[in-house]
Amino acid sequence: MSERETYSIDPALQPDPATCAFDLERALSAVVGLQSKVPEGAYTAQALGADRAGHGVAINDTGLVVTIGYLIVEAETVWLFDHTGQAVPGHVCGYDQETGFGLVQALGQLNAPGLEIGSARSVHVGDPVTFAGHGGRANSISAVVADKREFAGYWEYLLDEALFTEPPHPYWGGGALIDTEGKLCGIGSLFVQKNPGETGSFDGNMVVPIDILLPILDDLQRFGRAQRPARPWIGALATEADDRVVVVNTWDGGPADQAGLQSGDLVLAVNGQPVASLAQFYRRVWALGDAGVEVPLDIVRSGRLAEVTIESADRAQFYLAPKLH
C-alpha cells in the first residue's frame, strides 16, 4: 500500500484523548509516513518489492526516525512525511537484521517531536496500548497486549519475546506502539494469525520491543550496523509443522542454494543436534560460531536420509550498501 493511499479505521477503535494520561496529539505527531525505493536489482527486491511504504517514529527532535528494517533495507531513496503533510528526504543511517530495526535521519526540518522511549518490559498482557500510524487519531487504534512470547520468523529471525496486540492495525509496518504513559515501547512488524491447529483465534500484530534497540542505537548511528560479529546466515526460508522444520525455499545464490538445499527438505538436526522448531533450528545454527562457519544439516529428502553442509555467510554482504550523502 502506498503512503498516499488511504485506509479506514473504525472510529470506535480510534484512541480517545479523554482516556489518555498523556498528550495524545503530541505523541501521534511523532509518527511519520515513510516511502522508500530500492533498485530493481537489489537482493531483497524480489521478496519485498522495490517500492515500500509504512511508518516511522521520531525519537529525538533532530529528525532521527526508527522504523521496521524491511522498509529501508537496500533503499536508494527515502521520503518522510510529517503530520503537517510536509515531505522531507531521509538517509538510511542504520540497519540491523538481528533485531529488525532500521534508522533514518531526516535531511531537512521534520515537524515531528521526539517520542520518549519507554520499555516493553513495563507492558503486561492485558494492558491497553495505542498502535499509532502516520495520520493522527484517524490512522491509529486503541489496542490491548494479547500476548508476550517468543517469535520465530521464516527468514532466519528470532525474538526471545515479542509483543502481540489486538485488534490488528491494517497498515502496521513501522507503526508506534505507545504505552499508557505515552512512551514508545515497540515498533510494528507483522500481521499475524494463529495456525488452524491452535486453540482459540487471534488476528493481530506482532510488535518488536523497543528495548532491544537501545544496546545498539549508538552503533547504528555511528557505524550503520551493530558492532558485533555477524550471525551465520544460510539463506533458507523454513517453516515448522508437527514438530518438524521444513525448507520452503532458498534465497537465490545464497549459501543454502549453493549447497543444494531444496524446497521440501525436512531438517532433522544441526551438527548432530536434533531440531523440532524454527527457534531451536536457528539457535543451533547460531551456536556454531560467527558468519562463515560451516553448518552441517541432517535432512530427509524424498523419504531418504541425507547430509548437507552449508558454508554460512554474513547476510549483509548480499545487500546493497546505502549511499552516502
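All of the numbers you see were taken from the coordinates with simple rules; none came from a lab. Source: prediction; values computed, not measured. Note that each Cβ is placed from the backbone with ideal geometry, even for glycine, and that neighbours are counted across all protein chains shown.
Relative protection proxy for 87-97, 222-232, from highest mean packing down: 87-97, 222-232 (other beta-carbon atoms within 10 angstrom). When only alpha carbons are used to place a centre, segment 55-108 and segment 136-153 end up 21 Å from one another.
Rounded if a/c is under 1.5, else prolate if a/b beats b/c, else oblate: with a ≥ b ≥ c from the C-alpha gyration tensor eigenvalues square-rooted, which is segment 54-104? Write down the numbers at each step before the final one.
Values: a/c = 2.01, a/b = 1.54, b/c = 1.30.
It comes out prolate by the Cα gyration axes.
Would you work out the charge dipole size for the chain about its Cα centre, treating the Cβ of every Lys and Arg as +1 and the Cβ of every Asp and Glu as -1, and quote it to the nearest 20 debye? Don't skip to the answer; put the middle values down first.
On the way: 21 positive and 41 negative charges, 57 e Å.
Dipole about the Cα centre, nearest 20: 280 debye.
Relative to the current alpha-carbon distance between Leu305 and Ala18, full extension at 0.36 nm per residue lengthens the span by 97.0 nm.
Sum up the charges of everything whose Cβ sits under 11 Å from the Cβ of Ala238, counting Lys and Arg as +1 and Asp and Glu as -1, but leave Ala238 out. Show your work: numbers first, answer last.
On the way: positive: Arg244; negative: Glu156, Glu240, Asp265.
Net charge in that neighbourhood comes out at -2.
Shape analysis of segment 236-318 yields a ratio of the Cα radius of gyration to the Kirkwood radius, Rg/Rh, of 0.93.
If you average the sequence gap of Cα pairs under 8 Å that are 6 or more apart and divide by the length of the chain, what percent do you get for the contact order? Before the final figure, lay out each step's value.
Values: 840 pairs, mean separation 48.3, N = 325.
Dividing the mean separation by the residue count of the chain yields 15 percent.
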